Amino acid sequence: MPKRTQSDPDDEVRQHLPMRPVAFAVAAALAGGPRPGIELLDEVNATAAGWTIVGPGTLYRLMREMRQAGLIAREARGAHGSDERQAHHVLTPLGRTVLKAEASRLRRTLDLASARPGSR
Amino acid sequence: MSADQLYRRLLVLLPRPVRQEAEAELLDVFRPLHARAVRRGAHGLVLFWIRVLVDLAAAAAAERLPSFTRATSPHRPRRSLSMRMTQLLETVLTDLRVTARRLSNTPGWTLLASGTLALGVAASLVGGVLMRDVVLDPLPFPEAGRLVRLIEISHGGRRAWWPSWPNAREWRDEARVFDVVAIAGTPRTSPVMVGGEGVRASVGGAGAELFGLLGLRPVAGRLFVADEHRAGGPPVAVVSEAFWRGALRSRPLSGTLVTIRDISYEAVGVLPAGFKFLDQSGAWTDGPDVWTPLEARTAFGGRRSHGDYHVIARLREGITLDHARGEMNLLAATLARRHGEATNAEAVGVTPLHDVVVRSAREPLQLLLYAGFAVLLVACLNLSAAILSQGLTRARELHIRGALGATRSRLAGHLLTGSVVLAVPGTLLGFLLAAAALRAIKAFAAGAWPRLDEAVLDWRATGMALAVAAVTAAAAALLPALLLSASAGRDRLRARGQTGSGEPRMWPVFVGAQVALTVLLVAASGLLVVSFLRASRVDLGYDPRHVVVVDVALPMSDYGAPERRQAYYRSALERLRALPGVTGAGLTSTLPHEPSAATASTQIDIADAKSVMSGYRLVDEDYFATVGIPLHAASARVLGSGGAIVDDRLVQQLWDGASPLGARIRNSFDPKPIDVAGVAGTVREWNEAEGTTTGAVYVHYSRQPIASMHLVIRHQPGIAASVAGSARAALHALDPRVPLRIEPFAPRVAEALRAQRLLLLVASGFGVTALLLAASGVYTMITFVVARRMREAAIRLALGAPPAELRRRVLRQGLSPAAAGSGVGLVVAYLGGPALRAHLFQVEPADPAVLVTAALVILGAALIASLPSARRSSRVDPALALREE
């Protein structure tokens, strides 16, 4: 996952596309608000149609890459009234923008595939 | 240890900076996942930990090997290594579950496949464990790799001798290439008095360095101290664990005395059980029953030409064997010049002790190892064919999977994973079979090979069994997996039973390969059988049948005077000859089945006469008739007049076959020259080539009535046990304090063949196993082919084909690959036969009768395996068969 660079905002978003399915699943899970790691793990495993399965170590590496890319951030324990025993993660503004861009890209790809003869 | 603590420990797989940063976050996810797994029970917990380990391993690999995480293409979503590994794990677990369920639904096939695998695992495990524990494992001494044995070499390296005391002592004191040199007296059987009772025991002398060099620790008491090794030191002894439990009845050591040759030694220590050492003949066997300090009481002779000691040494660090040999040869030359007297030590033989110990077992066990792997290969081919046949019955299922999107690699992986499941029952069963086989080998042939009792199925063997089973199962499934996945990948769903559907052309190759290997094993077994039969029938020069042997060891306390010993033997012989059923009794110092024992230099009593090594035998007049040694010239009565009888071999060596009667000879064991008055037949060991047997000189025992002799009793057939009992009673009545060992003679002679017998039995076991596997392979193939072609057979019958023709077609299908395999096997057996030559007696490795018989046996088995299917194919009801299709 490319690190943040100072450049045109569109370029900054484009360099994160296409997102990996697991990264997309994490970002989508955070779209509704801060979540702890275990809930993100469950979301990823549930939404990845069974063909990608992550564990704590795998998830950690993914989350670290997304943090380094500026797409998500980790909150201090106990912030927003969350469970003090668990650290929560939030989507950054950049992350939200990238999520929307990836969702649009996927929607366009699906529309294109649906328009082809024999694809229904 | 809690789950949290365990997980924290496992995080050590990650690099330290990552671990420190990630620990809290990882635990946040780990804890709830663990709680869920606990609620699912033991099964869930096991799967959970497996996933955690794989996840951590993948993450650690990704952290430490970042190159693996690079994207292969910027436009394709990539899966990291860790994700691929976890997905692979899930796939494998699913396949394992499905396969386990399917195997439990087909118990017959599962049992057959597991049994096939088990036979291969057992054969290779037996061969592997024997090779490892008997030959490859180091000796159980500290720094065993540096231990060597020293011997004297003469006649340009052609003769070898046990070292003499002067040479051994000077090697110990002057050699610079060893850091320790230990000397031991060669063990001797002696009468030992314990609490007034006499027992026969082997007694050895331990030099001051011996026990320390071998790293021995007593299991009770102590070992010798330095003061006990000096000349005239206090009489103490150390006993073996078996002697302590047996003769000493595990009594407390304090105050326990053992009397040897009128000297009472206090037993101060007990050696560990299982301690082995070189015996009188240099074989590695149970150590002496009693050890005394060598230097304390030994009257060391100054002769450098007569050796009776074992010398073991440890090479200094960094000294190679060649360097040591060179140095010792220089030392030998220096000593010879210094002393200027006759010595056998023209050079010094330096041999790794490990090689000395395992020499006799190395080659036969290598052959058994190869045979074991050959059986494994036959089992692997057999299993491969069975997996293929089962896969063909699942052709429709595999086609459906392919149509639903399963890739060829996915299908192949599914079939491979499934076959590895067989490794579990195959390992268990194979392990049990191997354990039973090893137990039988050790019980049947203890002592046939050195260290045989050390062969055990330990955790390493368990791991070996599992690995062999898994690899064999995977290898067996590989080709069927590739073939079946290739055919399933084609976009067709054929109707069942169509001609030619799914029968791979490789099938006859499977059968042919099995048969070729089986021909090799059966031919080798056949050669060993013939060799053993010929060896056991060889004319040894005497007749051990219907003879009982009494080993006598007269205690010197009562029989110190030669006249007393002679009187005992005379009385003993009189009593034995009077026993019912006894047809003759005699006396000898050395039994005839050990012609190489008690040899000494013999020469004609003239100046510059050639000397040869020959046996020196103290016998009575009736000995020859009792054991069946023929006399050619004169009668045995000449012995009583002071004459000697020489054997044919010695006549050839000293007189070139001319008559020796009237000649005078000298022997190193006899202080006076002896007149030759008769000639006897030569006795031999079974594997001695013509012209290599040691000759012998026989003199009357009254010349030197020694304390240890053998009484030989010939009796009527079938009464050995009662004669042995009567003999014991008669000799006990003569003197109850004389320790005796009484047993039939023929089994002792047969002991010489025990290594041959063992090799034959194990190799034959492998041969029979391979034969059964190959026959079952033929049966499986033919049965399946006939079942698949039932429709074709029904059509042929309906069109009027004679049933006999159908039977012939099936038999041809079964016998053709078997015949081809036999041909290949015969060629390989012919070319590879020389490897067996060292183990064969009077039979050539390429003996055509044996090879052809082996091939015919296998073809016969293939024919028998094909008959049921041949009969079935000619009896099919055409209407029924066609209706079913």
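Can you classify region B:727-872 as rounded, prolate or oblate using the Cα gyration tensor, where a ≥ b ≥ c are the square roots of its eigenvalues, rounded means a/c under 1.5, and otherwise it's prolate if a/b beats b/c and oblate if not? If you can, show how the numbers build up before the last one.
On the way: a/c = 5.02, a/b = 2.65, b/c = 1.89.
Here region B:727-872 falls in the prolate category.
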Inset, instruction - Hey, can you grab everything whose amide H is under 5 Å from the amide H of B:Gly695? Only 5+ residues off in sequence or another chain; H modelled, so Pro and N-termini drop out. - result: B:Gly615
Legend entry - Amide hydrogen neighbours beyond the local backbone of B:Ser611, cut-off 5 Å, H modeled: none
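Could you report region B:581-704's accessible area per residue, 1.4 Å probe, as an integer in Å²? Kindly include the intermediate steps, with their values, before the conclusion.
Details: 4850 Å² over 124 residues.
Per-residue value: 39 Å².
Carbon and sulfur together cover what percent of the accessible area of the protein assembly as shown at a 1.4 Å probe radius? If you can, show how the numbers build up before the last one.
Working: 26370 of 45550 Å².
Using a 1.4 Å probe with all protein chains present, the protein assembly as shown comes out at 58 percent carbon and sulfur.
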Inset, instruction - Have a look at B:Tyr698, B:Val549, B:Ala625 and report the one farthest towards the positive end of the charge dipole of chain B, computed about the Cα centre with Cβ charges (Lys/Arg +1, Asp/Glu -1). - result: B:Val549
Inset, instruction - Could you work out the mean count of beta carbons from other protein chains within 10 Å of each residue's beta carbon in B:22-35? - result: 6
Legend entry - Rounded to whole Hz, the Karplus (6.51, -1.76, 1.60) HN-Hα couplings of region B:518-533, x for glycine and proline: 5, 4, 4, 5, 5, 5, 4, 4, x, 5, 5, 4, 4, 4, 5, 4
Legend entry - Rounded to 5, percent antiparallel among DSSP beta bridges of the protein assembly as shown: 80 percent
Legend entry - Neighbourhood net charge (14 Å Cβ-Cβ; Lys/Arg +1, Asp/Glu -1) for B:Lys672: 0
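Can you divide the C-alpha Rg of chain B by 2.2 N^0.38 Å and report the result to two decimal places? Walk me through the numbers before you get to the answer.
Working: Rg = 36.0 Å, N = 885, 2.2 N^0.38 = 29.0 Å.
Chain B yields a ratio of 1.24.
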Inset, instruction - Mind running the shape call on region B:99-226? Use the C-alpha gyration tensor, a ≥ b ≥ c as the square roots of the eigenvalues: rounded below 1.5 for a/c, prolate if a/b tops b/c, oblate otherwise. - result: prolate
Legend entry - Hz values of 3J(HN,Hα) by residue in region B:550-563 - Karplus curve (6.51, -1.76, 1.60), Gly and Pro given as x: 10, 8, 10, 10, 6, x, 5, 4, 9, 10, x, 7, x, 5
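Net charge near B:Arg796, counting Lys/Arg +1 and Asp/Glu -1 over other residues with Cβ under 11 Å of its Cβ? Let's see the in-between values first.
Working: positive: B:Arg789, B:Arg791, B:Arg809; negative: B:Glu792, B:Glu805.
With Lys, Arg at +1 and Asp, Glu at -1, the neighbours total +1.
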Inset, instruction - For region B:785-801, take each phi angle, set θ = phi - 60°, evaluate the Karplus expression 6.51 cos²θ - 1.76 cosθ + 1.60, and give the result in whole Hz per residue in order, putting x for glycine and proline. - result: 4, 5, 4, 6, 9, 4, 5, 4, 5, 4, 5, 4, 5, 4, 8, x, 5
Inset, instruction - Assign unit charges at the C-beta atoms only (+1 for Lys and Arg, -1 for Asp and Glu), then state the dipole size of region B:516-604 relative to its Cα centre in Debye, rounded to the nearest 20. - result: 160 debye
Inset, instruction - Can you pull out the buried accessible area for chains A and B, both sides counted, probe 1.4 Å, rounded to the nearest 100 Å²? - result: 2500 Å²
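Answer rounded, prolate or oblate for region B:618-712, using the Cα gyration tensor with square roots of eigenvalues a ≥ b ≥ c: rounded when a/c is under 1.5, else prolate when a/b is larger than b/c, else oblate. Each step should come with its number before you reach the end.
Working: a/c = 1.45, a/b = 1.15, b/c = 1.25.
Taking the square roots of the gyration eigenvalues as a ≥ b ≥ c, region B:618-712 is rounded.
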Legend entry - Accessible area in square angstrom per residue, region B:409-486, 1.4 angstrom probe: 42 Å²
Legend entry - Charge sum, other residues only, whose C-beta stays under 13 Å from B:Arg808's C-beta, Lys/Arg counted +1 and Asp/Glu -1: +4
Legend entry - Sequence-distant residues sharing a close amide H with B:Ala644 (under 5 Å, placed H): B:Asp675, B:Val676, B:Ala677, B:Gly678
Inset, instruction - Would you tell me the mean number of C-beta atoms belonging to other protein chains that fall within 10 Å of each C-beta in B:49-55, as a whole number? - result: 3
Inset, instruction - Of the options B:Leu840, B:Leu466, B:Gly391, report the single residue whose Cα projects farthest towards the positive end of the charge dipole of chain B (beta-carbon charges: Lys, Arg +1; Asp, Glu -1). - result: B:Gly391
Inset, instruction - Compute the acute angle (0 to 90°) between the alpha-carbon long axis of helix B:81-105 and the principal axis of greatest extent of the alpha-carbon atoms of chain B; round to the nearest 10°. - result: 80 degrees
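Just the accessible area per residue of region B:503-570, please: how many Å² with a 1.4 Å probe? Please list the in-between numbers first.
Working: 2620 Å² over 68 residues.
Dividing the accessible area of region B:503-570 by its residue count gives 39 Å².
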Inset, instruction - Can you tell me the relative contact order of chain B? Whole percent, Cα pairs under 8 Å, sequence separation 6 or more. - result: 14 percent
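The values are calculated or read from the model by the stated rules, or taken from the named source; none is laboratory data. Everything numeric here is computed off the predicted structure, so don't read it as measured data. Heads up, the Cβs are rebuilt from the backbone with ideal geometry, glycines too, and the neighbour counts pull from every protein chain shown. Surface areas here come from the heavy atoms of the whole protein model, side chains and all, with no ligands, DNA or RNA. Shrake-Rupley method; radii C 1.70, N 1.55, O 1.52, S 1.80 Å.
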